[in-house]
Every structure is written in C-alpha cells, then in structure tokens.
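Here is the structure we will look at.
The values are calculated or read from the model by the stated rules, or taken from the named source; none is laboratory data. Please read all numbers here as calculations on a predicted model, not as lab measurements. Cβ placement follows ideal geometry from the backbone for every residue including glycine, while neighbour counts extend to all protein chains displayed. Each accessible area value is taken on the protein alone, full model and side chains, heavy atoms only, with ligands, DNA and RNA left out. Shrake-Rupley method; radii C 1.70, N 1.55, O 1.52, S 1.80 Å.
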Amino acid sequence: MGTNPGRRRTGIAVVMAVLISTAAAVAGIGTASAQTDIHLCALPGSATIDDPTNPGTDLVIPFYGFVDVTTTMPATGDPCAGAVPRFGDPTPVRMVEGQTYTVYVHNRTDAAGGTGFPINLLVAGLSGAPDLTGVAPGGDGTYTITAATPGTHMFESDLDPHHVPLGLHGVVVVDPATPGSATGAPNSAYDLERVLVFHEVDMALNTAPDPLAFPMTDWSPTIHLINGQTRTSAYEIPPIAAVPGDRVLVRYVNAAPSNSSIATLGLRQTVVNFDGEIYDGSGPVGEQPLDVSAVFLTSGQTADVVIEVQGAYGDRFPIYNRNLRTSAIGDNGEQLVMIEVGVGGGLTGDVYFSLADNVRTFRDAGPTGPGDHVTLSDEDIGVWNGTYLDKYFDGTVHGIPGSADIDAVWHDPATGDLYLSFRADLATPTDPRWAAVTKATIDESDVVHWNATADTFDIYVDHTTIGLNGSNAHDINGLQVDPASGEVTFTTNGSYLVPWKTGSATLIGARNEDISRWVPDNPGQPNGTGRVDVVADFSDFDMVSFNTNTNTPRTTPGNLDGISLTALDIFFTTTSTHSWGPTETYLAGWPAADANGFVLTDRDDILGCRGFTPAAPGTLNDTCLAFAFELDVDTLHHNGVVANVDALSVG
Amino acid sequence: MRLRTRRTGAVVLTAALGAAGLAATLSGSSAGAQPSQSTLVCDFGTIAPDGAREFALETRDGYIQTPDGNTVYMWGYAKAGGAFQAPGPTLCADQGDTIRVTLTNPADDPAAGPTSLTGGIPADTTSIVFPGQSGVTATGGQPGLFTNEVAQSPLGGPADTVTYEFVAAEPGTYLYQSGSDPAVQIQMGLYGGLVIYPAEGRNFVYAGKEFDTRFEYLLLFHEIDPDLHTQVELEGGVANYDPTARHNRYWTINGRAMPDTIAPNFAPTLPSQPYSSLVQVQALDPTDTTTPPALVRYGSAGLDNHPFHPHGNHLTLVGQDGRPLPDEIEAYTKTVAAGQTYDLLVEWRDVEAWQGSGAPEAINVPVLDNLVFKGGVTWYSGDEDLGQQQLLPNNVTSFSQCGEYYFPWHSHALDSNQNFDEAFGGMLTLWRVDPPGGCPA
C-alpha cells in the first residue's frame, strides 16, 4: 500500500476476474510465462482538457496513444476491443529488474475507420537494436525487453517523428527485486510515488486530416501538459497528498520535444536516478545524488527524485516547469502539480473491521474473485487489503459463541495479535484456548487479547483497572492498543466518569463522541496503576448530541464506534447515521448542509479526521484539517446489503 | 501606473558606452591588490533588534538600456525608497541568519510626475518566492497560489505589505523571484540573487571551499521580449499580455547585454543596471599554493535554459542550487536551466604554459584580423605571453593595459549572443586574466 492514498477502493472484484481471464488468454498465445507478457494497444483517442486560452471551455484533443491491456483484455477476440487510451498516460508498465518480458504491440491505429500507420516500440535504455520496420496497422508484433536497469524509462514509437508528438509514448517502471525503492539503493526508498509525464501539443498536428503528412518543421506546441492535463481546470492534475515525513518518489518523464527545468518551491528534491544512471553515492564523479531545487530534463530524459515532505498540514508545495511555458494569460504556468500536506493523506494499509450485523455476505469479494463470497458475522474480523476482502478471524472457530458481537478491535501489525472488546457481557468460553481468562464473565468494557501465534486468549485490561463500571454506557466500543507502552485508547458507548488517576478522588469523564486513553504508570503493564487522558473531543467537530453553536439538540447525535488513530489522522465510524437538519450550523470542516440538511455518513462509512490537532491543555479546540470519506464498506460486495461497521483497525 | 515617454536620448548614451564603459573598466583594474570593479555587490540589509537580517523591498518599474540604443520598460525589485534597478539588489546573508524580507508594491503618485522613482508596478498582485529555501513563512498580504501576495498600495492609504521570513540554513547561491503570475512577472524582470555564506566565513562558498574575495562574481541570466514589455507599458498592465507571443530580442547577464556586460559596477552610463559581469581574475604563480581561486556564481533567472561556458580554460563546479556537490567536477559548458544556480571556481595557473615572458613552446601569433572587434578595437595586447605588450598597427586601439588576456564567456546558444539581430552582443561577457600580482599601476 502507500500509492494513491485516499482513493476509494471499489470494483476490485472486476479487476480480479479479468486478471484470471487474462492468464488464460496469454496462455493461449503460447508464451512461456504469464507474468512476463505485456500487451500494449496503440489506438486513436480523444482527450478533453480545459482550454488554456479560454478557461472554462473544453478543448478536445485527438491523439494516438498506447494503452496497457495486459490485465483488461478480453479472453478471446481482439485484445484491444474496448480499450481506451489515455492521453499522456502516466500509469506505468511495471517490470521487475532482471526479468525478460515479451511485449505484444497491437497496432490498432487504424481503429475507428482510419487507415492507421506502422508503429514500433522503443523502451529507452532497455531496447536493443531499433525496429526499423514496425508493426503494420491492424497487425501485432512482439518485442523482447530485458528490465536491466531499475528506475523510470520512457517508451515510445519512434518509427516516425510524428509519433511522439501525437501521443505515442508511455512509461515503464522497472522495480528493483526488493520493492519499496526506485533503484534498490536506500536513498531511493519511498512512501508514495507519482509519475509525471511532461508533454506538449500543437493542435495543428493533432487535428490534421493526415497527421503523418504534417510538416514537422511547422510544429510549434502551444499546449503544455502533465499527464494529459493542465493545472487550470476542472480536469486539474491531482495533487500529491502526503504527510510530513513522507518520502515522495516523483518519476519525471520528459516526453515533450522541449527541454524543461522541473522545479520545486519550499521542498528540495534529491535526484536518485537520472536517465538510467543510479545516483546512489557509489557512482563516478558526476553521478552522485543531487540535492537540487530544479532538475533539467532534455527531451526524452527521465529522472527519479525523492522529495522529503516537511511542513504542516495545509501547506502546499508546487512542482512545476520553471520554463513557465504557458498559453494561458495571467496564469501560473500550466505544468504544475501541488504536493498537499495532510489533505488527502488518508487511509492506507489494511483495514480490519467487525460488523454489528449478525451475518453479511460480501459476494465475489475474496482473493480468488468471482464466486469467492466472504461471509462475516458480528463475532468475526474481516480485512480489506485494498484489493480484496478476506476473513481474518472467525470467532466461532476460536470458541466465541455466535451470539457474541465484537464491537471493538485493534490488530497488531507486528504480531498479528488482536485486541477485542465485546458489545455485551460474555460468559467466558469453556474452550481451552480461553483457559487464561479466570473470571466467569468477560465484561463489555474489558479488553481481551488474542495471541495469534499461540491461539490463546487473555484479559489485556480489566475494566475495573481503568475504573469503568461495566455498565452499557461504559462499554468500550472502539479501541487501539500500544503494546510497548500498554496504553489503551478507547471510546465508550455512553458517558463515563472515572478517577483521573488510580486511587484519586478526582474524576475525569468523557462522552460517547470522545476518545480517551488509559496510560499505565509502568510501560507495558496495563493492569497496574495509571491514569486516563481525554485525547480527542469530537464534540469540537459537532459529533455531539447538542449543537454548541445554536444551543439546540442535534437531529442525530454522533457516537464514535470504531476508531483507529495514526500519528496524524483519526479514522472512525459512527453507531448510526449522522445527519443534521437544514437549519443546523456545523463547524468548518464538514460539508455544508443544503435545504434538506445533510446525511453525514452511513454506518458502514469509514471517515477520516485528517490532520487531527488536539487542543492545548485546558481548551476545547481540537481541530481536523479536513474530514473525508475514506472507505465505504458497502461497496466491497455486490448485493447491496447494508452493513454496519462497529469495530475498526487500520494497519 | 504612470505612462512614460520613451527616452529618445538613450541612443546617445549607449553610443558612447563602448568607449566610456570599457575605459572605466580598464582604468579601475590597475591596482592588483584591490577587488575587481565588477565583483559581487552585496546588500547585507540591516539587523533588526531581534537579530534578524532585514531587507525592505519594493516593486518598481523603470527602464533599462540596451547597447543598440533601445530602452526597455521593465519591472524590478528595488530597495525601499530606492530607484528601479535590474536585476533586484543581491541579498547577502550568513548561514544561520534569520532573513526577513518585506515587500510592498507602492502606489503611483500622479502628482509626482513621470520621472517619479517611487511608484510601483501595474500588477494585480505580486510577491516573492525563494526557490531552494525551506520553511519560508509569509505574513500579511493575501494568500496566493505560491505564497502570500500584495496588491498595489492605495495612494495615501495604508501600504499592503507582506513579510517573508526563513532561516538561511544552507550556504550557496540562490534566486528570488516573483511567485505571482511568474510567466509574466519574471519575464518583466522581478528577480534577483541571494547569496548565503557558510559559517566558515564570507571567503567560503561552501564549507572547505575557499575563494579569493577580490574576485567573486554573480551572473544572472534573463531574456527579454521588448514587444511584450512595450505592450505592458502602453496598456498600463498585463491584461492582454500573451506569453505565447514571446519572442526574445535581448538576452542579459545581470540586466545588461554585451558590451554593457563588461562595464564596471555602477557605471554611470547604466544608471538602472548597476551590476557588471566582467569576470576578472589574476593569474596565479605556479608555485603559489595558498591563494584561493576566484568564484563565479551562475543563476538562470529568466524562463529559458542557457548553455554557458568560458573560453580559455575549464572551471571547477562545486555547487548546484545551494548545495555543495559530492565531488568537484571539471566543467566546461554547463546548461543553466531556468531556476538553477551553479557555483564554479575559476583558476588561471599557468594555463597552457602561457606564463611570463617566453613561452616554452612556440605559439603562433594570431592573425590580427581575427582579434579586432568592431571599430578597429581589440583586447589583444600584441603579445602572446601574459603580461607582455607590443606595438599594434596604426589605427588599431587596444584595450589591453598590461598584456592581460581576455576571453569570451557566454551562452553557446548563439542566437542569444545578439542585441535585436545585431551580433555580437546579448548573453556574452568577457573574462579577464591579469598577470600575477595584477596590472601595475
């Protein structure tokens, strides 16, 4: 995980289905290895951008482009059927260093009634002898590419000088054998990556009746793009969402005939790979890692740079073409992408959850795709890894009765252990794996630990240690554990009051929209003495039964249900749909209500408070930089049954 | 915005420049121990009570002169209350300083008349960004895409002011430039240089990289399409400025085009273009192992990329964009892309054995015709050995004072070595190698 943070993860069952079909189709072609076959279609296409000279008006650009159909091609028939190329497509064809690939090039430049033209394939730095013949329109060719050097490579058809300006270019990323870095060298390790393809258009070429007859001596680009888009538009180039400390790998590909100086403001960029030369500190003079503010790329060159994100939530740092080529008047340059700190950082990593519903079946959602139905009961833990859903923990298999409902969970990514709390008191199972739990009844406010290695259970924190009284209001319905410190971060089903410190007569309390933390005095020993802190007051975000702005009751209160905290964000679900009426005023950060009010979330939605900043001690001004819908669990299956997520753990 | 009349008198001024400027350069360079008259001109600002190094800047419009007798309407950063200048003042600081820069775009006062030097520029908003710096804060003004911006202050009203502050964390050569509508505003001239000296002192470019402070140079590159500038001047704003129509006619180093590039700092003939770019060094005796090299800092402030090189000798590249390179790199042509800066050490130590009287190898005396510049003038001394002078034919004027060498130092994109179709000119300067010890008085 880590790429494309914040996207909503839907439709994966479709992808999986096609992947399987593709394997069959590839086998039919008679190649040796499914993993090393790549299918590229070359097709005419059409792109819509905001007209740089007339902002607010669409400009349609005809072009020719490659599209990678390896995972989407139909099982039988023309592999390019239904394929749609994207102008300036930054989606890389991924290869692994050292592997040899067979690249099938399907020339469909004659699609849509055109006559087409021959094309070829050249992968910069990886191709061998140039193919001077090419693949005829309607034909298919094969190229053998050995992924010799890690990093970013441009591919193109270079049989004719019109091809690249028409859009026949793309990106190959060669990952090192060990993923997580651009080149395998430590200085190219990254948390998230983005490919930026710089390219240019002269509409006279792209709209010519016979583009290949266009005199290239007249070619003069007036539109300057990144990934097929301009900055100033409804089709804006998406910002790079990052958090402080992130190492963002930006892969520059200069597919434009012009040479460009790609600059940053506010953040430096370290060149770790330039045009196939690895700058890892071991190379000769002139090939050392460069810490720069502008990278000069001549036409056809590529560079991998690592940008270490600093700053605070809300900061924006531009990456832009410092040559400032623009056809817009009064503009800041069209080739510009922002790194936005905090906004959109969002949900990354695996999502563990439990339902409040007794049984819900997620159809076709499992790792093997169609027909792989995943059924979750309220005593089970499911996991969504961004690609498919799976059952992580089956309660009844581990001696938990089917009548029980896990309503709080934390998954320890280091050990696989689970920390659980139940919706209602539970008679301790007689299963021998529960032998360490000596009391007869597990309270709904207790935190139970499941040792994944030994498959045994124990009480991690007894509710009486914290001071919770075992009532339904004190039910822990969302939790997170730090095994090193023994801290338990939790939210309750109702209001509670407990001693602020073990043995103290002074009480501290919170309500069901707040998040508290049990901090043991002795690190790692949660069942000794300690104290309770309130770490987040969601009434500051109007997740409260009372509107603090208007002194009126909310239409529906917000009761935090599942919670999961990262260093910077808080992810959460609520116990019920949270809405407000048209006259209610909410604090900044939430979407505005319209005449009908606003339904904030269904119970299956996982929300994110991004950029949580606690208030100064003694004040009530917690802030979230932004709120976002992170994941709609209902979209993970196909039959539309509404689920209710009541336990959540991210990572 | 006041509309200004074109300065017809400029033709006379620039016509006189060739001789006047060069004479000033040469006569000023006779004292060997003295700094060159083209060396870096630093503005160290003032120290605030809290210890910050403060610079008060204003945006201002004015004119530069070009060697072909033209004048070009420009925008620029100026010291608060000071006159328009191109480029903006070179801001200098020491590593660790807190740098605080305030910016206003002053109101135009119609009552002050067309010769007023206090007005601002007709831009909706303007600003400064500091490429290569981290943690720059902006206070005041209004949020813009890149940073906070200011509008032109109302006449008689409160000034719209923005204050930028950052720590000069890393030494090196940097630019500062407009962060508002930069494709237009940088082209109009809103840029300047920023030099941060390392903690070791102002005689170092980076830790361990000492240079001879008498010979420190900053060369800022920029390009100009005078039609666009005239349009902004005549229309009093940028509403119809079309950047796609840009067709450069002038290419400048430090706001000047050759031959003005070699006139000394603050040449009286170039009142709004104070900074020279003549690179003057002294040859080092081969046995001299202690005198550090000269330093040349490049900065490509305009919108284009410039392959820049000296003739006569190679350089040593030690820094880029305000960071020391892991290795010193022998450099010749270095493309200085838009927004980039480079730091290069320059040394002349018995290059090609052209040392003293009597070179060890036979050297053909160049054909004089190849050495004579326009108008029967030359920089050639008449002798191939450094520090030697010989008689030259009648009607040839030599600018050589003491047998020093001159070499071109220029953008090898030779279309930029012109002044509105007149070659040679533009993005071209000279470097001058004096004999060891300098020219005798």
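Note on the stretch A:259-278: among residues that are at pLDDT below 95 and part of a loop (DSSP other than H, G, I, E, B), the one that is farthest from the other protein chains (Cβ to nearest Cβ) is A:Gly276.
Of the set (1) away from chain A (no Cβ under 11 Å); (2) open to solvent by less than 10 Å² (accessible area, probe 1.4 Å); (3) in contact with a Ser or Thr (Cβ under 9 Å, 6 or more places away or on another chain); (4) not in a strand (DSSP E or B), all apply to B:Ala83 but (2).
Going through (1) more than 23 Å from A:Met338 (Cβ to Cβ); (2) more than 7 Å from chain B (Cβ to nearest Cβ) one by one, A:Val285 falls short only on (2). Scanning the stretch A:183-225 for residues that are hydrophobic (A, V, I, L, M, F, W, C) and touching an Asp or Glu at 6+ places or on another chain (Cβ under 8 Å) gives A:Ala185, A:Leu192, A:Val197, A:Ala204, A:Leu212, A:Trp219, A:Ile223, A:Leu225.
Identify, please: which residue in the stretch A:202-223 is surrounded by 16 or more Cβ atoms within 10 Å (Cβ to Cβ) and within 14 Å of another protein chain (Cβ to nearest Cβ) and is, among those, nearest to the chain's Cα centre (by Cα)? In this case the residue turns out to be A:Ile223. Taken over the stretch B:217-247, the criterion of being of a type in the set (D, E, K, R), away from chain A (no Cβ under 13 Å) and open to solvent by 10 Å² or more (accessible area, probe 1.4 Å) is satisfied by B:Asp227 alone.
Among the conditions (1) away from every other protein chain (no Cβ under 14 Å); (2) part of a loop (DSSP other than H, G, I, E, B), B:Gln280 misses just one, which is (2).
Restricting to the stretch B:306-336, name every residue that is among the acidic types (Asp, Glu) and at the interface with chain A (Cβ under 7 Å from one of its Cβ atoms). Listed by number, the residues that qualify are B:Asp321, B:Asp327. Can you tell me which residue within the stretch B:270-290, out of those that are open to solvent by 10 Å² or more (accessible area, probe 1.4 Å) and at pLDDT below 95, is farthest from the chain's Cα centre (by Cα)? The extreme case among them is B:Thr287. For the stretch B:248-261, does any single residue satisfy the condition of being within 14 Å of chain A (Cβ to nearest Cβ), among the charged types (D, E, K, R) and surrounded by fewer than 23 Cβ atoms within 10 Å (Cβ to Cβ)? No, that holds for no residue. Only residues that are outside any loop (DSSP other than H, G, I, E, B), under 18 Å from B:Tyr191 (Cα atoms) and more than 7 Å from chain A (Cβ to nearest Cβ): list them for the stretch B:124-137, please. Of everything in the stretch B:124-137, just one residue is outside any loop (DSSP other than H, G, I, E, B), under 18 Å from B:Tyr191 (Cα atoms) and more than 7 Å from chain A (Cβ to nearest Cβ), namely B:Thr126.
Those residues that are modelled with pLDDT under 95, open to solvent by less than 10 Å² (accessible area, probe 1.4 Å) and either closer than 23 Å to A:Phe66 by Cβ or among the aromatic types (Phe, Trp, Tyr) (or both), I need them from the stretch A:224-253; list them, please. Of everything in the stretch A:224-253, those that are modelled with pLDDT under 95, open to solvent by less than 10 Å² (accessible area, probe 1.4 Å) and either closer than 23 Å to A:Phe66 by Cβ or among the aromatic types (Phe, Trp, Tyr) (or both) turn out to be A:Leu225, A:Ile226, A:Gly228, A:Thr230, A:Ile237. Which of the residues spanning the stretch A:336-351 are surrounded by fewer than 22 Cβ atoms within 10 Å (Cβ to Cβ), closer than 14 Å to A:Asp191 by Cβ and at pLDDT 80 or above? Residue satisfying the conditions is A:Gly349 alone. Got at least one residue in the stretch A:151-161 being touching a helix residue (DSSP H, G or I) at 6+ places or on another chain (Cβ under 6 Å), surrounded by 23 or more Cβ atoms within 10 Å (Cβ to Cβ) and modelled with pLDDT of 95 or more? Within the stretch A:151-161 (the criterion being touching a helix residue (DSSP H, G or I) at 6+ places or on another chain (Cβ under 6 Å), surrounded by 23 or more Cβ atoms within 10 Å (Cβ to Cβ) and modelled with pLDDT of 95 or more), the answer is yes, since at least one residue qualifies.
Residue-wise test of (1) touching a residue at least 40 places away in the same chain (Cβ under 8 Å); (2) touching a strand residue (DSSP E or B) at 6+ places or on another chain (Cβ under 6 Å); (3) aromatic (Phe, Trp, Tyr).
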| position | (1), (2), (3) |
| --- | --- |
| A:Ala42 | yes, yes, no |
| A:Asp51 | no, yes, no |
| A:Pro55 | yes, no, no |
| A:Tyr64 | yes, yes, yes |
| A:Thr72 | yes, no, no |
| A:Pro79 | yes, yes, no |
| A:Gly82 | no, no, no |
| A:Pro85 | yes, yes, no |
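For the stretch B:190-207, the criterion of a residue being on the phi < 0 side of the Ramachandran plot, within 14 Å of chain A (Cβ to nearest Cβ) and touching a helix residue (DSSP H, G or I) at 6+ places or on another chain (Cβ under 6 Å) is satisfied by no position. For the stretch B:143-176, filtering for residues that are surrounded by fewer than 23 Cβ atoms within 10 Å (Cβ to Cβ), under 16 Å from B:Val238 (Cβ atoms) and more than 9 Å from every other protein chain (Cβ to nearest Cβ) leaves 2.
Just one of the listed residues (A:Leu479, A:Leu468, A:Leu420) is within 17 Å of A:Asn512 (Cα to Cα), open to solvent by less than 50 Å² (accessible area, probe 1.4 Å) and not in a loop (DSSP other than H, G, I, E, B), and it is A:Leu479. Being of a type in the set (S, T, N, Q) and touching a residue at least 60 places away in the same chain (Cβ under 8 Å) holds for only one residue in A:Asn472, A:Asn493, A:Asn451, and it is A:Asn493.
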